[in-house]
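Everything on this sheet refers to the single structure shown next.
Throughout, read-outs are computed from the coordinates displayed, never taken from laboratory work. All values reported here derive from a predicted model rather than from experimental measurement. As a convention, Cβ positions derive from the backbone with ideal geometry for all residues, glycine included, and neighbour counts pool all protein chains shown.
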Amino acid sequence: MTKRQLYLEASRRLAEGEQDYSCNAIGSLTRNYSSQLTRQIQEVKEYCEVFNTGHFYDEFVYKVVSSKNSRNLRVMMTSLMAVCWRDFQ
């Protein structure tokens with residue numbers, strides 16, 4: 001699965017309510033999901049670095065969870081990663 005496919009699938013799962021959290025949606029699509037902490041998976045790290053530059057992981061999680069439309073925010077961020085991940089490298 002390419003990174004684009006991974007982030008699009010994570011976005012779909014979030015939009016359809018199959019997953020509640022973006023980091024888990026992304027991580028569950030990787031080979032290392034069962035053997036690592038979610039935030040240590042490379043694709044999750046990249047996602048968090050793009051949308052959480054310079055802040056702690058827990059701060060990022062808090063901001064997203066406390067958002068009024070957290071599901072929409074997660075869908076938007078994972079969709080942006082799918083389309084633009086190369087630009088963020």
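Can you work out ³J(HN,Hα) from phi for every residue in region 53-67, in order, using Karplus 6.51 cos²θ - 1.76 cosθ + 1.60 and θ = phi - 60°, giving whole Hz and x for Gly and Pro?
After applying 6.51 cos²θ - 1.76 cosθ + 1.60, I find 3, x, 10, 6, 3, 5, 5, 4, 4, 4, 4, 6, 4, 7, 5 Hz.
Suppose R0 equals 25 Å. What FRET efficiency, 1/(1 + (r/R0)^6) with r the Cβ-Cβ distance, do ASN24 and LYS68 give to the nearest 0.05? List each step's numbers first, then the result.
Numbers: r = 21 Å, r/R0 = 0.83.
My answer for the efficiency is 0.75.
What list do you get for GLU49, GLU9 if you sort them by fewest beta carbons within 10 Å? Show your work: numbers first, answer last.
On the way: GLU49 13, GLU9 19.
Ascending number of Cβ neighbours within 10 Å: GLU49, GLU9.
Counting other C-beta atoms within 10 Å, which of SER22, SER79 has the fewest, and how do the rest follow? Intermediate values should be presented prior to the final figure.
Working: SER22 29, SER79 17.
By the 10 Å Cβ count, ascending, the order reads SER79, SER22.
So how compact is region 3-88: Cα radius of gyration and Dmax in angstrom?
11.7, 33
Restricting to Cα pairs below 8 Å that are 6+ residues apart, what does the relative contact order work out to for region 9-89? Please round to a whole percent. It would help to have the intermediate numbers written out before the result.
On the way: 58 pairs, mean separation 27.9, N = 81.
Value for region 9-89: 34 percent.
Would you order CYS48, CYS23 from fewest to most other beta-carbon atoms within 10 Å of each residue's own beta-carbon? Provide the component values of the computation, followed by the final result.
On the way: CYS48 20, CYS23 24.
Result, fewest neighbours first: CYS48, CYS23.
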